[in-house]
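Working notes for the structure below.
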Amino acid sequence: GGGYLVEQRDLSILPSAGIITRRGPQRTPGMVVLAHTGRGDIMNTIVEAEEITDIIPGDVFTGKEATSSRLESASRQILHIAAHGRHQVDNPDLSYIQLEDGYLYADDLLQKNLDYELVTLSACETGKTIVKKSEELIGLVRGVLFAGAGSIVVSMWRIDDEMTVRLMTHFYRS
């Protein structure tokens, strides 16, 4: 026709057909934000955390506090992780997000309770997946959804540190 399907309908891509029957969680308003600067080369993750919690109040964990153990706390509406991310083409289960206490691998996410209404992985290549013979998508997205997230925002490409602050601020404001 004269337009794009996404302009008229909500579209979802699921890593497994079983997820479509699951009801999304409903949580206490607010957000939990983990912002890790890597080796100091993505300092705007801290700015991103501050700016988005000006829009939607929440708990911010940066520096030595940005650890995977923070994922054990009670869920809120939104989990936002701003950090380094990497997709492993040869072994997508080893795709990761870097936090203060090390890498959080796709397989590690399967062991977490991430029953947030929305999980945002504000990091490079967090949305990339590999399709296995069973037609299941393997990567960070699968780990987050199987851990209970109602929905997820990810990136398919490498992202610019400064531009991501503007993008995430606009996203949450909208």
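The values are calculated or read from the model by the stated rules, or taken from the named source; none is laboratory data. What you are looking at is a predicted structure, and each value in this text was computed from that prediction instead of being measured. Methodologically, a virtual Cβ is constructed for each residue, glycine included, from the backbone with ideal geometry; neighbour enumeration extends over all protein chains shown. Accessible surface areas use protein heavy atoms only, side chains included; no ligands, DNA or RNA. Shrake-Rupley method; radii C 1.70, N 1.55, O 1.52, S 1.80 Å.
Values computed for the structure shown
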| item | result |
| --- | --- |
| Top-ranked residue in the range 90-113 [being in contact with a strand residue (DSSP E or B) (Cβ under 7 Å, 6 or more places away or on another chain) and within 22 Å of K64 (Cβ to Cβ); ranked as most open to solvent (accessible area, probe 1.4 Å)] | Y103 |
| One residue from R70, R86, R173 being in contact with a Phe, Trp or Tyr (Cβ under 8 Å, 6 or more places away or on another chain) and closer than 21 Å to P29 by Cα | R70 |
| Any hit, the range 128-144, residues being aliphatic (A, V, I, L, M), under 21 Å from A35 (Cα atoms) and in a strand (DSSP E or B) | no |
| Number of positions in the range 52-69 that are in contact (Cβ under 8 Å) with a residue 40 or more places away in the chain and more than 17 Å from the chain's Cα centre (by Cα) | 1 |
| Top-ranked residue in the range 114-134 [being open to solvent by less than 50 Å² (accessible area, probe 1.4 Å) and among the acidic types (D, E); ranked as nearest to M168 (Cα to Cα)] | E125 |
